[in-house]
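Beneath this line is the structure, given in structure tokens, with notes to follow.
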Amino acid sequence: MDVKIDESWKEQLAEEFKKDYFVRLTDFVRGEYAQTTVYPPGKFIFNAFDLCPFDKVKVVIIGQDPYHGPGQAHGLCFSVNDGVPFPPSLVNIFKEIQSDLGTPPPATGNLTRWAEQGVLLLNATLTVRAHQAGSHQRHGWEEFTDAAIRLLAERRERLVFILWGAYAQKKGAVIDRNKHLVLSSAHPSPLSAYNGFFGNKHFSRANEYLVTHGQSPIVW
């Protein structure tokens, strides 16, 4: 597999790559790609890290699993490739941005433009079998992405962590709230969006925090 990951992350995660669990995970993932359809395409597995170098991260959004339909996943949580219909959670994210900031929904659900501004769009699990949600959970990805979150929380300051839903909130439990801004709410999925996702104003709150600490805001 031709895997791309930014050099800064290679350096930060060097110890993880050597650990037994990661060696086992690599074997498992290679085997899966060899024998069945897996998303995202191999070169995009570490796309979130590749587009958003360690020292350029400003905001971290934590998702759970890649999309498991054809042509959707490209390594950024909640994001889909150009020309792909918006999944329901992404529709709700754009609705909240419109209500919070007055920005109309974009023509594409491709969030590469966020990643390039310093938004790490990190799924807890970085691969999935086609049409089988959660099929690559509990094989080591969660440990790897926990390490990435921990490194950011420890080695960087004044980041914004956005945690939607119980799963992301549990994953973000290690983050020092005195050192970073942690924004939590219900998940944007249609099942829970009306229980506190809509109206959370996370996009304006993230930008206010960044500006207060001398950073440029994200163009959501």
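The values are calculated or read from the model by the stated rules, or taken from the named source; none is laboratory data. Since the model is a prediction, treat every value here as computed from it, not as a measurement. Every residue, glycine among them, receives a Cβ derived from its backbone with ideal geometry; neighbour counts consider all protein chains shown. Remember, those area values only see protein heavy atoms, side chains included, never the ligands or the DNA or RNA. Shrake-Rupley method; radii C 1.70, N 1.55, O 1.52, S 1.80 Å.
Things to note:
- Cβ-Cβ under 8 Å pairs, at least 6 apart or on other chains, segment 125-137 side closer than 18 Å to PRO70 by Cβ, far side among the basic types (Lys, Arg): SER135/ARG129; HIS136/ARG129
- When GLY165 is tested against (1) of a type outside the set (Ser, Thr, Tyr); (2) surrounded by 15 or more Cβ atoms within 10 Å (Cβ to Cβ); (3) farther than 28 Å from PHE86 by Cα, exactly one condition is not met: (3).
- Filter result for ALA173 (exposed (fewer than 15 other Cβ atoms within 10 Å of the Cβ) and touching a Ser or Thr at 6+ places or on another chain (Cβ under 7 Å)): no
- Qualifying residue in segment 44-52 (condition: open to solvent by 10 Å² or more (accessible area, probe 1.4 Å) and over 15 Å from the mean Cα position of the chain (by Cα)): no
- Candidates in segment 189-207 are the residues that are under 27 Å from GLN137 (Cα atoms) and out of contact with any strand residue (DSSP E or B) (no Cβ under 6 Å at 6 or more places or on another chain); of these, the one that is modelled with the lowest pLDDT is LEU191.
- Considering the conditions (1) in contact with a helix residue (DSSP H, G or I) (Cβ under 7 Å, 6 or more places away or on another chain); (2) of a type outside the set (Val, Ile, Thr); (3) surrounded by 15 or more Cβ atoms within 10 Å (Cβ to Cβ), ASP55 is excluded by exactly one of them, (3).
- Scanning segment 210-220 for residues that are more than 12 Å from LEU101 (Cα to Cα), loosely packed, with under 13 Cβ neighbours inside 10 Å and either among the small types (Gly, Ala, Ser) or touching a Ser or Thr at 6+ places or on another chain (Cβ under 9 Å) (or both) turns up GLY214, SER216.
- Any hit, segment 186-209, residues being part of a loop (DSSP other than H, G, I, E, B), open to solvent by less than 10 Å² (accessible area, probe 1.4 Å) and under 26 Å from PHE17 (Cβ atoms): no
- First in segment 6-34 and touching a residue at least 60 places away in the same chain (Cβ under 8 Å), second anywhere and in a helix (DSSP H, G or I) and of a type in the set (A, V, I, L, M), Cβ under 6 Å, 6 or more apart: GLN12/LEU151; GLU16/ALA147
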